[in-house]
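J.: Below is a structure I'd like to ask you about.
Read-outs throughout are calculated quantities, based only on the coordinates presented, and are distinct from any laboratory measurement. All figures in this text were calculated on a predicted structure; none of them were measured in a lab. Positions of Cβ are backbone-derived with ideal geometry, glycine not excepted, and every protein chain shown enters the neighbour counts.
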Amino acid sequence: MGHALRARRWAGLLPLLFAPALPGAQAQPTAGARGASPPSAHGSYLGSRLVSPKSNAPCPPHIGPMYRADAIVTGTDMRQRPWGFAQTLREVLVKSSGDPRLKDDPRIAQRAAHADRFIACFDYVAMMAAVPLHDDQGTSDRPYRLTVSFIPAKIDALLAQFGDKPWHGERPVVVPVLLVHGRKPPYMLSAEVPAGAEQRGAFAAAAGQFGLKVRIPSGAELRAFGARVGHFPSKPPPSSAGEAIVVGTLDWSERLPGWIGKWRMRRHGADYAWGISGVNYDAAFRNIVRGVVLVASGAGPPDRGD
């Protein structure tokens, strides 16, 4: 395939999607042989048949990013679609509420198993569309980005069932001031330092999972904060309404093995400290953003033992 594959399915038909997964039900055949075409990019499920709709309208424009999430799945059939729906529902509940604790709340499990009931539409993008097929691989064996948009009113109602509510307040941009001690010489994570290229991308991805953005400061800005290798600020600069400045250290431990992160933030006159250990830096950055989200949304203080 030389172009991205996109497939949309609509909310009114979604409850029927899980029929093949029910006990005793027969799954529909999918294309998997070499050279076979994938499931129709413009099909909708009606009962157990795949048919072509008259139009392929986009998702409703009023559905914002707080009610939308992605998951990487194999193929566009039913093998991983329920799992993808469940994962994106958990992420949307966190993004829309500003309460990261909901992701692992055991009460979510039952709703996640029927996540299709809350979905407005979804589509797929082939992540290897430009890569030719090889050996006996079929398009159904390839990775796809499943993007799911949920119905805002239903998500808000679900949050209310858990005693939560949508977070409509201002969402701060996370500004990390980090000193990194790894296998390479120590460095400040700046917008320019070559050693931090992968970490900058990982930090942006971590922030996006919580509905926030990150701004990696420049070297000049870090020096203005009084932050450099060999001299680290004893107190974090106060955060503004639009930014959350997090000061911390990220140290590699061969003994664990993994990274040890310790973070501090001052926001609205209060000081917060939290951290994590024995993880990769993706998890460390998620821990930073999780703490910021808890404070900024009013859900509670950071978990010191994360």
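J.: Going by average Cβ density within 10 Å per residue, which order do the peptides 263-273, 120-130 take, highest to lowest?
T.: 120-130, 263-273
J.: Moving to a separate point now. Can you order the peptides 249-259, 282-292 by their average number of other Cβ atoms within 10 Å per residue, highest first?
T.: Order by mean packing, descending: 282-292, 249-259.
J.: Still on this structure, please answer the following. Where a Cα-Cα gap under 17 Å defines reach, which lysines qualify for Lys165, not counting those fewer than 8 residues away within the same chain?
T.: Counting by Cα, and skipping residues close in sequence, Lys165 has these lysines nearby: Lys95, Lys103, Lys154.
J.: Which FRET efficiency value, to the nearest 0.05, do you get for Ala195 and Val173 by plugging their Cβ-Cβ distance into 1/(1 + (r/R0)^6) with R0 = 35 Å?
T.: Computed FRET efficiency for Ala195 and Val173 comes out at 0.90.
J.: At a Cα cut-off below 27 Å, give the lysines reachable from Lys235, other chains included and same-chain residues fewer than 8 away excluded.
T.: Counting by Cα, and skipping residues close in sequence, Lys235 has these lysines nearby: Lys184, Lys213, Lys262.
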